[in-house]
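What follows is a single structure, written as structure tokens, with notes after it.
The values are calculated or read from the model by the stated rules, or taken from the named source; none is laboratory data. Here the structure is a predicted model, which means the values were calculated and not measured. Here the Cβ positions follow ideal geometry from the backbone for every residue, glycine too, while neighbour counts run over all protein chains shown. With ligands, DNA and RNA removed, areas are computed over all heavy atoms of the protein, side chains included. Shrake-Rupley method; radii C 1.70, N 1.55, O 1.52, S 1.80 Å.
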Amino acid sequence: MSAKDIFHESVRNALEKDGWNITHDPLHLKVDDIEFFIDLGAERLFAAQKQGQQIAV
């Protein structure tokens, strides 16, 4: 896993202020034999659609 850069907390705070719920810090994915570490995983629910929208940053 890599070290967090100087923008990590700023991006996290901006996402939270915009209504995103941070679900993973970091987000770990494994596809076949390849592992990925993405800085943040977040989701935001849209009540009008009643669906979840997910992003990985």
Scanning the range 15-34 for residues that are aliphatic (A, V, I, L, M) and surrounded by 12 or more Cβ atoms within 10 Å (Cβ to Cβ) gives Leu15, Ile22, Leu27, Leu29
Only unsatisfied item for Glu16, checking (1) modelled with pLDDT of 90 or more; (2) outside any helix (DSSP H, G or I); (3) acidic (Asp, Glu), is (2)
Here the qualifying pairs (Cβ atoms under 8 Å; residues six or more apart or on different chains; first in the range 26-41 and farther than 20 Å from His8 by Cα; second open to solvent by less than 100 Å² (accessible area, probe 1.4 Å) and hydrophobic (A, V, I, L, M, F, W, C)) come out as Lys30/Phe36; Glu35/Leu29
Taking the range 23-57 and keeping residues at pLDDT below 90, assigned to a strand (DSSP E or B) and aliphatic (A, V, I, L, M) leaves Leu27, Leu29, Ile38, Ala42, Leu45, Ile55, Ala56
